[in-house]
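Down below is the structure, laid out as structure tokens.
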Amino acid sequence: MLSTVATAALSVWLHDSTTTAFDNWMLRVLYNHIGQTGSQPLLGISEPMLTFTLLAAVVIFAALVRLWTVVALALIGPLVALGLTELVLKPLVHRTIGKSILQNDPYPGFGTAFPSGHETGVMAAALVLALVLHRSPLPKSWRITGWVVLALWTVVAALGLVRGFYHYATDTVGAITLTTASVLGTALVIDAATHASQPRSPAGAERQLTRRS
């Protein structure tokens, strides 16, 4: 709910805009502390090929062990998030890429910017993996470590997109809030559908995505 409200508020605030004071501040901080050499590896961790590969691995593994709710989540959740990003919010918000406040060159992105499609992909993969960890039988300390790694990946990917002049900081924030609402909402719908269509109980029944039994 909070993620949905935050996404809506950001969409209204950034409609037909370019940069903001927060975006300018973030870019200056990152530009002053991360050189051009360091910015390239940061951009690499938001590559769509990486996120698609991770999601495909989840789908294949879950299908092999017959965890169909996980298969559905890994397929539907990211598609909903990316569809809302590219087909709904970007055209509606129509936030354009302006010139860098530090260089007299345009940002390398094309078209509209909010929310960031790259960050949407990263956040979608991270949330799917986080939910898989949530329902896994791994020790709690391992699951917490995994969640921390996924959170760091999401944040560092966002910083890389900003420092590489591909997006404004608020584009990545919007991608995070939108994807959180989309993927978690999808997980809740899948849980509700599974609960409604299957009687509870048998020993081998699948656990819900959003609750550990």
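Okay, residues lined up against (1) at pLDDT 90 or above; (2) open to solvent by 50 Å² or more (accessible area, probe 1.4 Å); (3) in contact with a helix residue (DSSP H, G or I) (Cβ under 9 Å, 6 or more places away or on another chain); (4) among the aliphatic types (A, V, I, L, M):
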| site | (1), (2), (3), (4) |
| --- | --- |
| Lys99 | no, yes, no, no |
| Val122 | yes, no, yes, yes |
| Gly146 | yes, no, yes, no |
| His167 | no, no, yes, no |
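Tell me, yes or no, whether region 23-36 has at least one residue that is surrounded by fewer than 14 Cβ atoms within 10 Å (Cβ to Cβ), aromatic (Phe, Trp, Tyr) and over 22 Å from Gly185 (Cα atoms).
So in region 23-36, the residues surrounded by fewer than 14 Cβ atoms within 10 Å (Cβ to Cβ) come out as 25, 28, 32-33, 35-36.
Checking the rest, the ones that are also aromatic (Phe, Trp, Tyr) come to 25.
Those left that are additionally over 22 Å from Gly185 (Cα atoms): 25.
Within region 23-36, one or more residues are surrounded by fewer than 14 Cβ atoms within 10 Å (Cβ to Cβ), aromatic (Phe, Trp, Tyr) and over 22 Å from Gly185 (Cα atoms).
So which of Ala203, Ala187 ends up being closer than 23 Å to Pro137 by Cα and modelled with pLDDT under 75? Please lay out each step first, then the result.
Working: Ala187 fails: modelled with pLDDT under 75.
Answer to the check: Ala203.
Could you list, ordered by first residue, the pairs with Cβ atoms under 8 Å in which the first is in region 42-56 and closer than 9 Å to Leu161 by Cα and the second is surrounded by fewer than 16 Cβ atoms within 10 Å (Cβ to Cβ), at least 6 apart or interchain?
From region 42-56, the pairs are Leu42/Val156.
Could you grab me the full set of residues in region 1-52 that are within 16 Å of the chain's Cα centre (by Cα) and not aliphatic (A, V, I, L, M)?
Within region 1-52, Ser3, Thr4, Thr7, Gly44, Ser46, Glu47, Pro48, Thr51, Phe52 qualify.
Please go through region 24-49 and give me each residue that is among the aliphatic types (A, V, I, L, M) and either touching a Gly at 6+ places or on another chain (Cβ under 8 Å) or not in a helix (DSSP H, G or I) (or both), ordered by number. Please lay out each step first, then the result.
Narrowing region 24-49 to residues among the aliphatic types (A, V, I, L, M): 26-27, 29-30, 34, 42-43, 45, 49.
Scanning region 24-49 gives Ile34, Leu42, Leu43, Ile45.
The values are calculated or read from the model by the stated rules, or taken from the named source; none is laboratory data. Quantities reported herein were computed from a predicted structural model and do not represent experimental measurements. Neighbour counts are summed over all protein chains in view; Cβ atoms, including those assigned to glycine, are modelled from backbone coordinates with ideal geometry. Just the protein is used for accessible areas: all its heavy atoms, side chains included, with ligands, DNA and RNA removed. Shrake-Rupley method; radii C 1.70, N 1.55, O 1.52, S 1.80 Å.
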